[in-house]
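Structure record follows, encoded as structure tokens.
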Amino acid sequence: GSGPAYCYDLLEANNIEVSNTNAVRQFVKDVFIPLLRQAAQSIGFSKEQAEFLAVNTGNSSVGLLLKTKLSTAQLKQQIASKGGTTEAALAILHRGGSLEEAVKAALMRAEELSKEAR
């Protein structure tokens, strides 16, 4: 999914140095996971589902970032497809929108792509 790209984008936007492992982990725990949990609930996930999604997305995003040693920009590039859901969400974040707005944009784009595929 798109979640790791959101995580990497927010790390960049908040000037978190990926070489500072503790800062990355703290940011993901204190900022990204609560934001993603709230965004997931806003599109209909239950509290439990949103918690599971947010915690696992945050932790796996950090794990991938630290294991691969790739930059956040490189990882986002690998995740986002031209015209896809991740790209739609990142566009919202880059315009100063919230993660909740970005997740809703990704959902709308997924629905559009689903209709196009029919």
What are the residues in the stretch 61-78 that are under 21 Å from L93 (Cα atoms) and loosely packed, with under 15 Cβ neighbours inside 10 Å, if any? S71, A73, Q74, Q77, Q78
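Take G97 and tell me if it is out of contact with any Asp or Glu (no Cβ under 8 Å at 6 or more places or on another chain), closer than 19 Å to N14 by Cα and assigned to a loop (DSSP other than H, G, I, E, B). Even if it seems obvious, please write down each step before you answer.
On the way: out of contact with any Asp or Glu (no Cβ under 8 Å at 6 or more places or on another chain): yes; closer than 19 Å to N14 by Cα: yes; assigned to a loop (DSSP other than H, G, I, E, B): yes.
It is true that G97 is out of contact with any Asp or Glu (no Cβ under 8 Å at 6 or more places or on another chain), closer than 19 Å to N14 by Cα and assigned to a loop (DSSP other than H, G, I, E, B).
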Residue tally, condition without any contact (Cβ under 8 Å) to a residue 12 or more places away in the chain and part of a helix (DSSP H, G or I), over the stretch 62-73: 3
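Given the structure, is L99 under 18 Å from I16 (Cβ atoms) and open to solvent by less than 70 Å² (accessible area, probe 1.4 Å)? Before the answer, list the steps.
Details: under 18 Å from I16 (Cβ atoms): yes; open to solvent by less than 70 Å² (accessible area, probe 1.4 Å): yes.
So L99 passes the test.
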Consider S81 against the criteria (1) open to solvent by 50 Å² or more (accessible area, probe 1.4 Å); (2) modelled with pLDDT of 95 or more: it satisfies all of them except one. Which criterion is unmet? (2)
Applying the selection to the stretch 56-91, what residues are more than 12 Å from the chain's Cα centre (by Cα) and β-branched (V, I, T)? T68
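On the given criteria, is A88 closer than 23 Å to F27 by Cα and either modelled with pLDDT of 95 or more or open to solvent by 50 Å² or more (accessible area, probe 1.4 Å) (or both)?
Numbers: closer than 23 Å to F27 by Cα: no; either modelled with pLDDT of 95 or more or open to solvent by 50 Å² or more (accessible area, probe 1.4 Å) (or both): yes.
No; evaluated as a whole, the condition is false for this residue.
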Pick out the one residue from L99, L90, L66 that is farther than 25 Å from K115 by Cα and of a type in the set (A, V, I, L, M). L66
Taking the stretch 74-90, which residues are in a helix (DSSP H, G or I) and either touching a Pro at 6+ places or on another chain (Cβ under 7 Å) or not charged (D, E, K, R) (or both)? Q74, L75, Q77, Q78, I79, T85, T86, A88, A89, L90
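I'm trying to understand the selection: among the residues of the stretch 22-51, which are more than 18 Å from L107 (Cβ to Cβ) and either open to solvent by 50 Å² or more (accessible area, probe 1.4 Å) or without any contact (Cβ under 8 Å) to a residue 24 or more places away in the chain (or both)?
Of all residues in the stretch 22-51, those more than 18 Å from L107 (Cβ to Cβ) come to 22-34, 47-48, 51.
The answer is N22, A23, R25, Q26, F27, K29, D30, V31, P34, K47, E48, E51.
Each row is one residue, and each column tells you yes or no for (1) of a type in the set (D, E, K, R); (2) modelled with pLDDT under 95; (3) part of a loop (DSSP other than H, G, I, E, B).
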site	(1), (2), (3)
I16	no, no, yes
V24	no, no, no
F27	no, no, no
L36	no, no, no
E51	yes, no, no
I92	no, no, no
M108	no, no, no
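The values are calculated or read from the model by the stated rules, or taken from the named source; none is laboratory data. Fair warning: this is a prediction, and the values are worked out from it, not measured in the lab. All Cβ positions, even for glycine, are placed from backbone atoms using ideal geometry, and neighbour counts span all protein chains on display. The area values use the complete protein model at the heavy-atom level, side chains included, leaving out ligands, DNA and RNA. Shrake-Rupley method; radii C 1.70, N 1.55, O 1.52, S 1.80 Å.
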